[in-house]
Amino acid sequence: MTENPYILLTPGPLSTSPTVREAMLRDWCTWDDDYNLGIVTPIREGLVKLATSIAPEKYTCTLMQGSGTFSVESMIGSVLPQDGKLLVLANGAYGDRLVKITARLGIDHEVHDTGELAPPDLNRLEETLQNDAAISHVVVVHNETTTGMMNPLSEIAKVVKSHEKIFMVDSMSAFGGVPLDVAELDIDFIVSSANKCIQGVPGFGFVIGKINEMEKIKENARSLSMDLYDQWQGHENGNGKWRYTSPTHVTRAFFQAMKELDEEGGVLARYQRYTENQRRLVEGMKRLGFKCVLPGKHHSPIITGFFNPESDKYDFMRFYTQLKEKGFVIYPGKVTGIDSFRIGTIGHVFPEDIDRLIIAIKESMYWKE
Ligand SMILES: *Cc1c(COP(=O)(O)O)cnc(C)c1O
């Protein structure tokens with residue numbers, strides 16, 4: 001077994017367990033039952049159960065090849081009808097990506113951009129939905145991975161659903177690591193990927209959607225290979241079979257990752273571990289004099305932004321390299337205009353790892369010498 005030279009404190013791909021990586025060490029046939037009935041079907045069913053315990057019979061799961069963005073693009077490009085109009089609530093780089101996808105697909109849209117430091121504006125949302133009857137769908141990022149901001153999903157859902165709009169959520173970096181019931185919030189479509197909180201390796205994403213809404217999206221898709229409806233029908237009619245070659249090893253690793261999520265105690269237990277990771281991180285960083293980009297009330301257990309130290313001697317890449325040599329990979333800031341870096345607290349990472357990280361950071365503060 002190959003040991004990792006460092007742990008990834010990034011928002012995905014992230015550090016995985018040795019047993020998840022080991023699960024990839026054999027080959028599978030994409031049309032055989034061992035793979036489709038033995039692995040793909042339980043994954044699809046398991047993901048629906050993770051998404052909702054109150055109404056799993058109303059939802060279905062479709063897997064899609066590619067990184068998470070491919071699944072987001074598949075969802076938007078397949079769900080929006082030709083005459084649909086999408087309202088995008090954006091407050092970071094991943095919200096901006098939703099806008100880019102929508103524009104590239106030629107879909108009519110409007111954007112509410114509140115900037116990286118503020119959550120979506122609920123009053124403005126209410127007003128827009130009241131005044132613009134053309135808006136048929138609303139999309140938002142759950143945990144905005146740019147800053148680590150946890151957006152107030154249930155408040156947003158209440159407004160969107162009171163106007164009977166279709167509600168789509170990019171929960172890429174939160175799903176499986178933050179408790180949520182899609183049926184309770186009446187979410188129509190939610191998207192995530194293999195290599196975030198479920199702690200698989202990268203290679204596919206998935207869309208969990210209401211069955212009755214999935215039935216309405218036939219022939220909407222603006223792409224052949226990313227046609228969500230077609231892919232769903234492929235799964236449904238082929239015992240889980242994907243259209244076109246699926247990432248078999250990645251899928252098998254994901255099956256193991258789901259088993260390990262269950263063994264850990266499920267989403268709540270994982271959420272508690274991530275929360276403890278992040279609590280120790282913020283506490284330790286503050287002790288060392290670092291300041292958080294966001295106020296504590298907007299923090300998520302997923303990733304946290306810190307301002308770069310104000311010192312002429314400080315250089316992020318030098319700091320980064322020193323930490324990497326000590327066994328930790330952190331993430332550059334993605335916040336435009338804010339001089340910061342980020343540290344993720346998800347993956348096969350435990351509170352003791354964070355304690356070791358804080359020591360390593362203390363030893364790497366060369367600009368203080
Ligand atoms: C990681 C992530 C994505 C997808 O990124 P990929 O690099 O395509 O896997 C999308 N949205 C959010 C919020 C993310 O955190």
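The values are calculated or read from the model by the stated rules, or taken from the named source; none is laboratory data. The shown structure was predicted, so the numbers you read here are calculated from the model rather than taken from an experiment. In this analysis, Cβ positions are derived from the backbone assuming ideal geometry, glycine residues included, and neighbour counts consider all displayed protein chains. The protein model used for the area step is the full one, side chains on, heavy atoms only, and it has no ligands, DNA or RNA in it. Shrake-Rupley method; radii C 1.70, N 1.55, O 1.52, S 1.80 Å.
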Contour minus Cα-Cα distance for HIS249 and ILE54 (0.36 nm per residue): 67.0 nm
Segment 18-148 - charge dipole about Cα centre, Lys and Arg +1 at Cβ, Asp and Glu -1, debye rounded to 20: 200 debye
Ellipticity estimate at 222 nm from DSSP helix runs (n ≥ 4, -39,500 (n - 2.57)) divided over the chain, nearest 500: -11000 deg cm²/dmol
Crossing angle, helix 93-104 versus the chain [Cα axis fit, 0-90 degrees, rounded to tens]: 30 degrees
Ranked packing of 260-271, 60-71, most packed first, by mean Cβ within 10 Å: 60-71, 260-271
Unit Cα scatterers, Debye sum, segment 156-206: log10 I(q)/I(0) for q = 0.15 Å⁻¹: -0.44
Most to least packed among 30-37, 362-369, 279-286 [average Cβ atoms within 10 Å]: 279-286, 30-37, 362-369
Among PRO18, PRO332, PRO56, residue whose mean-square fluctuation peaks in a GNM of the chain (springs only between Cα atoms under 10 Å): PRO18
Most mobile of GLY95, GLY327, GLY344 in a GNM of the chain (Cα contacts under 10 Å): GLY327
When each of LYS58/LYS297; LYS49/LYS85; LYS326/LYS368 is checked by Cα-Cα distance, pairs over 24 Å: LYS58/LYS297; LYS49/LYS85
Simple spin-label estimate for GLU276 and TYR6 in nanometres, 7 Å along Cα-Cβ: 2.6 nm
Spin-label pair SER162/GLU263, simplified geometry with 7 Å Cα→Cβ offset, distance in nm: 4.6 nm
Coordinate range along principal axes, alpha carbons of segment 92-148, Å, largest first: 32, 28, 15
Three-way shape call for segment 295-335 based on the alpha-carbon gyration tensor, with the a/c threshold at 1.5: oblate
Degrees separating the helix 248-264 axis from the principal Cα axis of the chain, which is the longest one: 70 degrees
Within the accessible area of segment 22-107 (1.4 Å probe), percent carbon and sulfur: 53 percent
Alpha-carbon radius of gyration plus Dmax, which is the widest Cα pair, for the chain in Å: 20.6, 65
Probe 1.4 Å, accessible area per residue of the chain, Å²: 42 Å²
Between helix 316-325 and the chain: long-axis angle, C-alpha atoms, 0 to 90°, nearest 10: 90 degrees
ARG124/ASN220 FRET efficiency (R0 25 Å; Cβ-Cβ; nearest 0.05): 0.35
Point-charge dipole on Cβ atoms (K/R +1, D/E -1) for segment 19-263, about Cα centre, debye to 20: 460 debye
Neighbour-limited loop hits for GluC sites (Glu not before Pro), segment 129-192 (at most 15 other Cβ within 10 Å; DSSP other than H, G, I, E, B): GLU164, GLU184
Ordering of 74-83, 193-202 by packing [mean C-beta count within 10 Å, highest first]: 193-202, 74-83
